[in-house]
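Written out below as structure tokens is the structure these notes cover.
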Amino acid sequence: SDDIIEERQREIAAKYNVTLTNHSLYLYGKCSDGGCKENPDAHKPAK
């Protein structure tokens with residue numbers, strides 16, 4: 001995990017008086033060079 005992202009999530013939860021019980025981070029994007037091939041593993045959740 002990324003410590004900066006984790007800390008920011010805790011700060012935001014505290015700011016809004018929320019107790020985090022679980023969370024997820026999803027990133028979506030498109031191939032920027034146009035030459036990417038479909039990667040079936042790209043659609044699976046990271047472990």
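The values are calculated or read from the model by the stated rules, or taken from the named source; none is laboratory data. Predicted model only: the values in this text are computed from it and were never measured. Here the Cβ positions follow ideal geometry from the backbone for every residue, glycine too, while neighbour counts run over all protein chains shown.
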Take the range 12-24 and flag every residue that is loosely packed, with under 10 Cβ neighbours inside 10 Å and in a helix (DSSP H, G or I).
Lys15
Here are Asp33, Asp41, Asp3: which of them is modelled with pLDDT of 80 or more and not aliphatic (A, V, I, L, M)?
Asp3
